[in-house]
1. Criterion first (assigned to a helix (DSSP H, G or I) and in the same structural domain as Asn289 (by the TED database)) does Ile391 satisfy it?
2. Within the group Ser168, Ser154, which residue is of a type in the set (S, T, N, Q), closer than 30 Å to Thr474 by Cβ and outside the structural domain of His426 (by the TED database)?
3. Quick check on the stretch 535-556. Is at least one of its residues closer than 30 Å to Glu157 by Cα, open to solvent by 70 Å² or more (accessible area, probe 1.4 Å) and without any contact (Cβ under 8 Å) to a residue 40 or more places away in the chain?
4. Answer yes if at least one residue in the stretch 442-464 is within 24 Å of Arg150 (Cβ to Cβ) and either surrounded by fewer than 21 Cβ atoms within 10 Å (Cβ to Cβ) or free of Cβ contacts under 8 Å to residues at least 12 places away in the same chain (or both), and no otherwise.
5. State the number of residues belonging to the stretch 431-481 that are under 26 Å from Arg546 (Cα atoms) and either not aliphatic (A, V, I, L, M) or not assigned by the TED database to the domain that holds Ile387 (or both).
6. When you go through (1) open to solvent by less than 60 Å² (accessible area, probe 1.4 Å); (2) modelled with pLDDT under 90; (3) outside any helix (DSSP H, G or I) one by one for Ala587, which number turns out not to apply?
7. Which ones in the stretch 284-339 are among the hydrophobic types (A, V, I, L, M, F, W, C) and part of a loop (DSSP other than H, G, I, E, B)?
8. For the stretch 407-424, name all the residues that are polar (S, T, N, Q) and closer than 12 Å to Gly389 by Cα.
Amino acid sequence: MSSLKRNYSRLLWDSDKSTNLPLFVDKALKLLNLKQVYYEVEHSVMSRVSCTACKAGAGLLQHYIKLGKSKEEINKMIYQFCVSLNIQSARVCEGITRLFGSEVVYVLKRITIGPNEICSFVIGDACGDVYNPYHEWEVAFPPVPKPVVRTLESPMEKAPTFKVLQISDTHFDPYYAEGANAECNEPLCCRASSGPAMTPGDGAGRWGDYRKCDTPKRTIDHMLKHIADTHPDIDYILWTGDLPPHDVWNQTKEENLKVLQETVVQMSDMFPGVPIFPALGNHESSPVNSFPPPYISSSESNIAWLYNELDAQWRRWLPAGVSHTVRRGAFYSVLVRPGFRIISLNMNYCNNKNWWLLLNSTDPATELQWLIYELQSAEFSGEKVHIIGHIPPGHSDCLKVWSRNYYAIINRYESTITAQFFGHTHFDEFEVFYDPNDLGRATSIAYVGPSVSPYYDLNLGYRIYYVDGDHDATTRLVVDHETWIMNLKDANLFGYPIWYKLYSARSAYQMQSLRPQDWDKFIDDMTSKEDVFNMYFKHYWKNSPRRGSCDGECRKRLVCDARSGRSHDRRALCGHIEARIDSTAPAPQTWRAWLYNGLSVSLSMLMQLPQVAYQIPKFIMGFG
């Protein structure tokens, strides 16, 4: 640890020996627990440790900007930092510096807020709710009273249903190579460029790999053929984003557009005549997470290159009338049939890794105000609405101010919105929304579909929903859903994938129906019944053999995730359930066990410094 800090300090001092670093940066470097930072960035579970790292990174960059250092000089410093501390290979260091450095410097040069405000904005509640007038805003609702809320009845049994497929987070890797090194210590492995496998066990599997590897083409082909053969009666498809792989240091606009074009053709050929409703993921841009709002008009920085292509590709499934909103902000609204509408949102305007939002986060592309208009029109017309997107609004990756506004919209139009569908996390989960004035009353449910990609430690999966269909008393609620998976270990062992239904929600969880209040009761069951939570944990991981165990803190986090449709507000939403889980936790360990475990963790951290150190610049560059 001390050697790493000496090297870091030498880099910083050598770049400008006449200038002292800000005191808080020096203090932050001494306090950083790199192992914890590594874990938190990887899992989007932030604490004060991540907050300290964020402030150190942001403060350091702002320090050099104030000194008048050029973009090239700052990028060189970032690259030297990355290489000298063996944070990544030279090619990865060069790639992330080239792709991310200039954008972040451009943004930081144009804002007046400091590290405290920046990191509260980016990280959320783990970094304090620092008041920042530049990033406090509220959407405006029309002067129309909210309709009287009526008790939501269960859908009629044996009524007609729609069968709906959700595919999310395919992360197709066109360069996946069977037998290539899967232990490459880079953000993405299993490619010829990852180098040779040192042992047979280090080689990438034929159908994919549990390590940091994405999805080979043969596996996606096999899955789509299986779906077409097994579910020939699909009525429509929700395709919730993240098409390119995780080689985020090496991507170009041209490569990402090629992945988009190839996968659109693949979906069209495999499901001819089936309506497909796509949503945009955070990996479709290059660099990843970079989605400038429409007012960024320079040819070098604007996002028209992606949105125009999305319009051209999605047009085969969507009406021509949505072209103007797709080109402006990659969102749209479609009347699927009389009385039933699907709205697709661009959730990258809530993404806290989208550094452009630091310039101005106020409802980028006026997307949420547009959403209110669409929902109010639907309410007047008596339509029911499903919302689709990529990043779940309650996830820690979603900006707190955006999420708060979205939560208010869901509450106002709870009688119109009957389901929401997202992806992004790669896990099989859900989020429940509540009345802000009565956090005991559930108002809406967001389904978070599993990823196709095994990245990482996961089996591959997709979701089938049954939606209340066409009949006089239809609710358009989700009646049931099934998660189908492929066991990757068995596929590689026996040479052939087998897809099977892991579970159906109503049967496995013994739910009366899938109304918001039913999911709220299920959260209550997970809180009080260990066997119910363990079943959910198995499904959350798509029955992966690498899922490990889940202690009390893990259980509190997952149950709270399910209760959090609003991001960065866990104290209000989850305090009572966390207390209930704590009350049933095992007795505290003895002081001897505590001391032994503390020493073990400290030694483990020292042994893993070369692996964990590379996470620090992620806060600087929006990497991941």
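The values are calculated or read from the model by the stated rules, or taken from the named source; none is laboratory data. Nothing here was measured: the structure is a model prediction, and the numbers come from that model. Quick reminder, even Gly has a Cβ in these numbers, built from the backbone with ideal geometry, and neighbours come from all protein chains shown. We work out accessible area using only protein heavy atoms, side chains counted, and drop any ligands, DNA or RNA first. Shrake-Rupley method; radii C 1.70, N 1.55, O 1.52, S 1.80 Å.
1. No.
2. Sole residue among the options that is of a type in the set (S, T, N, Q), closer than 30 Å to Thr474 by Cβ and outside the structural domain of His426 (by the TED database): Ser154.
3. The answer is yes, given that some residue of the stretch 535-556 is closer than 30 Å to Glu157 by Cα, open to solvent by 70 Å² or more (accessible area, probe 1.4 Å) and without any contact (Cβ under 8 Å) to a residue 40 or more places away in the chain.
4. Step one: list which residues in the stretch 442-464 are within 24 Å of Arg150 (Cβ to Cβ), which gives 442-447.
Subsequent filtering for residues that are either surrounded by fewer than 21 Cβ atoms within 10 Å (Cβ to Cβ) or free of Cβ contacts under 8 Å to residues at least 12 places away in the same chain (or both) retains none.
No, there is no match, as no residue in the stretch 442-464 is within 24 Å of Arg150 (Cβ to Cβ) and either surrounded by fewer than 21 Cβ atoms within 10 Å (Cβ to Cβ) or free of Cβ contacts under 8 Å to residues at least 12 places away in the same chain (or both).
5. Selection size over the stretch 431-481: 15.
6. (1)
7. Selection gives Val288, Phe291, Ile296, Ile303, Trp317, Leu318, Ala330, Phe331.
8. Scanning the stretch 407-424 gives a single hit, Gln420.
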